[in-house]
Structure formats: structure tokens, C-alpha cells
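Below is one structure, written out as C-alpha cells, with a few remarks after it.
The values are calculated or read from the model by the stated rules, or taken from the named source; none is laboratory data. Bear in mind that the values here come from a model prediction, so they are computed numbers and not experimental data. Methodologically, a virtual Cβ is constructed for each residue, glycine included, from the backbone with ideal geometry; neighbour enumeration extends over all protein chains shown.
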Amino acid sequence: MEYYNYIKSFHLIFVITWFAGLFYIPRLFVYQIEAFHKPSPEKEILGKQLKLMSKRLWFIITWPSAVLATVFAIWLMILQPLWLEEPWMHVKLGFVALLIIYHLKTHQYYKQLQNDVVKKTSSFMRIWNEGATFILFAVVFLVILKSAINWVWGVVGIIVLGILIMLGFKVYKNIRDKNPEA
């Protein structure tokens, strides 16, 4: 099984690029939503460019990375089926399921915005943007610690991170309200 580490490396590369797409696409959604509320012709010019950027990111980077990360993960599980007996792996796979749900919901938002259907606020998308961060945080702790119990500390860290992000979000919103150019 000399090639196991190559497969693991490809899995990790595609997980990273998948997360990169999931980190950036909601930021583009924020800009699309804000552009939607601007006057013409700025609304149309920005909207067209942001839709193109989102489409390229989503279908050239994010979706292919999600598929390839999954393919390599399944390949790894076939090569190391004993991992599936580990309690920490069950928890990790739960977070992977949550990540897939997050990805699919993000796809739904993508389709809405591509059709100029704005159902969410830019503030909502700023918060949504942190969803992938929380999942990544939990998965990294699980994989590194390889413990279904010790990952709780990772979750505590996620909660603390979430609180800090929310506080940072509120501070940033107050700064933006006082100075729209910030």
C-alpha cells in the first residue's frame, strides 16, 4: 500500500480546495446581495460580474473539489476499512454529512442569486460564511486527536470561536454603520 499516502495527499488537497470555495462563495453572495440594492447601472454591472465570479468559483473549483475529496475519501476507506470501526471516525463522518448539507444549502443560495432572487440579507450571508469554518475546526480536531471524547474540547473551541466571530461581526457592523467605506 505504498500509494496510500498519495491518495491521502490528494484527498487533503481537494478538501482544502473544497473549503477554499466554501469560504469564498458566501463572501461573493454578500457582495451580490449588496449590489442588488444599488441603483442602476451599478446594480447590473456589479451583478453580472459577481454572478460570473460565483459561477466560475462554484463549478470550476468548489463542486469538482467536493466530488474529488469524496472519491479519494471513499478510496481511503476501502484501503483502510478498520477506520470505520473507530468512534472518532463516526463523529467525523457526521460532520462530513453536515458539510455536505452545508454545501447543498449553499448551492441553493447560489441558484437563487444567479436568478436575481434575493431572500437573505448580506448580514445573514456574513454569518453563513462561518459555517464551513466551524465544520473544519471540528473535523481537524477529530482527525488529529483521533478521539470521539477529546473532540469535545474542539467543540468548546468552536463555541468560543463562534462567540468571538459574532462579537467581531457586531464590532465590524458598528464600524460599517458609522463609516460605510470601511
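Taking segment 105-134 as the range and being touching a residue at least 60 places away in the same chain (Cβ under 8 Å) and over 25 Å from residue 64 (Cα atoms) as the test, the residues that pass are 118, 120, 121, 122. Go through segment 1-15 and give me each residue that's of a type outside the set (S, T, N, Q), in a helix (DSSP H, G or I) and without any contact (Cβ under 8 Å) to a residue 40 or more places away in the chain. Once the filter is applied, which keeps residues that are of a type outside the set (S, T, N, Q), in a helix (DSSP H, G or I) and without any contact (Cβ under 8 Å) to a residue 40 or more places away in the chain, segment 1-15 yields 6, 12, 13. Would you point out the residue of segment 77-98, among those that are surrounded by 12 or more Cβ atoms within 10 Å (Cβ to Cβ) and β-branched (Val, Ile, Thr), that is farthest from residue 145 (Cα to Cα)? Checking each candidate, the answer is 96. Within segment 31-63, can you find the residues that are within 30 Å of residue 3 (Cβ to Cβ), of a type outside the set (A, V, I, L, M) and loosely packed, with under 15 Cβ neighbours inside 10 Å? The answer is 59, and nothing else. Right, residue 74: loosely packed, with under 14 Cβ neighbours inside 10 Å and either part of a helix (DSSP H, G or I) or at pLDDT 95 or above (or both) or not? For residue 74, the condition - loosely packed, with under 14 Cβ neighbours inside 10 Å and either part of a helix (DSSP H, G or I) or at pLDDT 95 or above (or both) - is met. The test for being out of contact with any Asp or Glu (no Cβ under 8 Å at 6 or more places or on another chain), more than 17 Å from residue 23 (Cβ to Cβ) and buried (at least 18 other Cβ atoms within 10 Å of the Cβ) does not hold for residue 167. Selection over segment 149-182 of residues that are modelled with pLDDT under 80 and polar (S, T, N, Q) gives a count of 1. For the criterion of being assigned to a helix (DSSP H, G or I), touching a residue at least 60 places away in the same chain (Cβ under 8 Å), over 26 Å from residue 160 (Cα atoms) and not acidic (Asp, Glu), residue 102 fails. With the condition kept exactly as written, say whether any residue in segment 2-24 is exposed (fewer than 14 other Cβ atoms within 10 Å of the Cβ) and either closer than 25 Å to residue 116 by Cβ or among the charged types (D, E, K, R) (or both). Yes, because at least one residue in segment 2-24 is exposed (fewer than 14 other Cβ atoms within 10 Å of the Cβ) and either closer than 25 Å to residue 116 by Cβ or among the charged types (D, E, K, R) (or both). Condition (residue is farther than 29 Å from residue 14 by Cβ, assigned to a helix (DSSP H, G or I), polar (S, T, N, Q) and at pLDDT below 95) applied to segment 111-127: is it met by at least one residue? Yes, segment 111-127 has at least one match. For residue 88, are the conditions met, namely being in contact with a His (Cβ under 8 Å, 6 or more places away or on another chain), among the aromatic types (Phe, Trp, Tyr) and under 27 Å from residue 165 (Cβ atoms)? For residue 88, the condition - in contact with a His (Cβ under 8 Å, 6 or more places away or on another chain), among the aromatic types (Phe, Trp, Tyr) and under 27 Å from residue 165 (Cβ atoms) - is not met. Within segment 32-44, the set of residues being part of a helix (DSSP H, G or I) and either small (Gly, Ala, Ser) or without any contact (Cβ under 8 Å) to a residue 24 or more places away in the chain (or both) comprises 35, 42, 43, 44.
Given the structure, is residue 146 in contact with a helix residue (DSSP H, G or I) (Cβ under 8 Å, 6 or more places away or on another chain), surrounded by 13 or more Cβ atoms within 10 Å (Cβ to Cβ) and at pLDDT below 85? Spelling it out, residue 146 is indeed in contact with a helix residue (DSSP H, G or I) (Cβ under 8 Å, 6 or more places away or on another chain), surrounded by 13 or more Cβ atoms within 10 Å (Cβ to Cβ) and at pLDDT below 85.
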